[in-house]
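The values are calculated or read from the model by the stated rules, or taken from the named source; none is laboratory data. This one's a predicted model, so the numbers in the text were calculated from it and none came from an experiment. All Cβ positions, even for glycine, are placed from backbone atoms using ideal geometry, and neighbour counts span all protein chains on display.
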Amino acid sequence: MSTPVAPSFQPVIEQIAADIAATPGRGRPADYIPALASADPHRFGMAVAELDGTVYGVGDWRRPFSSQSITKVFTLALVLSLEGEALWERVGREPSGNPFNSLVQLEYENGIPRNPFINAGALVVTDRLHTLTGDAAGALRTFLRAESGNPGLDFDEKIAASEAAHGDRNAALAHFMASYRNIDNPVPDLLDQYFRQCSLEASCADLALATGFLARHGIRADGSSLLTRSQAKQVNAVMLTCGTYDAAGDFAYRVGLPGKSGVGGGIIAVVPGHCTLCVWSPGLDERGNSVAGVAALDRFTTLTGLSVF
Ligand code: DON
């Protein structure tokens, strides 16, 4: 991958890495997926991508990690590009105020998940993508390879298998929604697609570049259109309100950007019309968000003034 390190954001992210140097190592890697538990919490990487694909990086910014729930942004964008508003009959767009893997609201709300970023909502989105493409995880991988310019991006089958072996809660969510006819594909097929999707390994550079269409108002790296300007705004809005689960209010308060976290320790963020970011450090807080990642994004918007507010 040719990712030039140009000077302008470089001093800022180097200062951030120095300012938050005590933070990597705080928090704990996810342990409910055994294959993620061995991640080194002291690792830290950060990348910023400009609209033209110029990337700046610091620390472990080229080191692949498990992207996990970050992929939910890309599957949502792909489904919106394929079927537009129809998706919103299957999934809501309100913050849940609950942990990402919570079951509790689903019965009260008749099998319609609150938003596309909690696990229940992401399962519905992957189900739609699988129906629309015949291979949800493959469609995601093709898209991410194209947008990142990295043809080597791939799933980590070991992580996918580890999650499948400990996937009772996701299986429960999927079966429960199927009982409301909100899942079209056989549940085992859907879970296989979802676990492979989550296992996709990518670096901060890859994910900052792949998120670029959200800063370019829906325009892909090759200049073609994935989303309308209005749809790109909608995805950014759902990221801001729901992208960090029951910490979305605190994330908006501290960072002031649309963002999406994953239990691998990564977080992507968007400055619409300007740039995209990805930070990674595996130590998580109690809500499943990277401690050093949030600290770095908080510092970025403070130092640069680049926020949506
Ligand atoms: O469904 C799961 O449990 C994981 N594969 C993804 C969860 C995740 O990344 C939540 N993010 N903070």
Extreme residue, surrounded by the fewest Cβ atoms within 10 Å (Cβ to Cβ), among residues of the range 8-64 that are among the aromatic types (Phe, Trp, Tyr) and farther than 16 Å from SER203 by Cα
TYR32
Count - residues of the range 93-131 that are surrounded by fewer than 18 Cβ atoms within 10 Å (Cβ to Cβ) and without any contact (Cβ under 8 Å) to a residue 60 or more places away in the chain
5
Hey, does the range 187-205 have a residue that's surrounded by fewer than 24 Cβ atoms within 10 Å (Cβ to Cβ) and among the small types (Gly, Ala, Ser)?
no
May I ask you to list the residues in the range 148-184 that are within 12 Å of the ligand (Cβ to nearest atom) and of a type in the set (Val, Ile, Thr)?
ILE159
Report yes if ASP246 is within 16 Å of the ligand (Cβ to nearest atom) and without any contact (Cβ under 8 Å) to a residue 12 or more places away in the chain, otherwise no.
no
Assess whether ARG93 counts as being of a type in the set (Lys, Arg) and under 15 Å from VAL238 (Cα atoms).
yes
In the range 144-161, how many residues are touching a Phe, Trp or Tyr at 6+ places or on another chain (Cβ under 9 Å) and either of a type in the set (Lys, Arg) or buried (at least 21 other Cβ atoms within 10 Å of the Cβ) (or both)?
4
Looking for whichever is over 22 Å from SER102 (Cβ atoms) and hydrophobic (A, V, I, L, M, F, W, C) here; the options are LEU284, LEU207, LEU240. Which one fits?
LEU207
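Okay, residues lined up against (1) more than 16 Å from the ligand (Cβ to nearest atom); (2) part of a strand (DSSP E or B); (3) modelled with pLDDT of 95 or more:
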{"position": "VAL48", "(1), (2), (3)": "yes, yes, yes"}
{"position": "ASP52", "(1), (2), (3)": "yes, no, yes"}
{"position": "VAL58", "(1), (2), (3)": "yes, yes, yes"}
{"position": "ARG62", "(1), (2), (3)": "yes, no, yes"}
{"position": "SER69", "(1), (2), (3)": "no, no, yes"}
{"position": "LYS72", "(1), (2), (3)": "no, no, yes"}
{"position": "ALA77", "(1), (2), (3)": "yes, no, yes"}
{"position": "LEU80", "(1), (2), (3)": "yes, no, yes"}
{"position": "GLU83", "(1), (2), (3)": "yes, no, yes"}
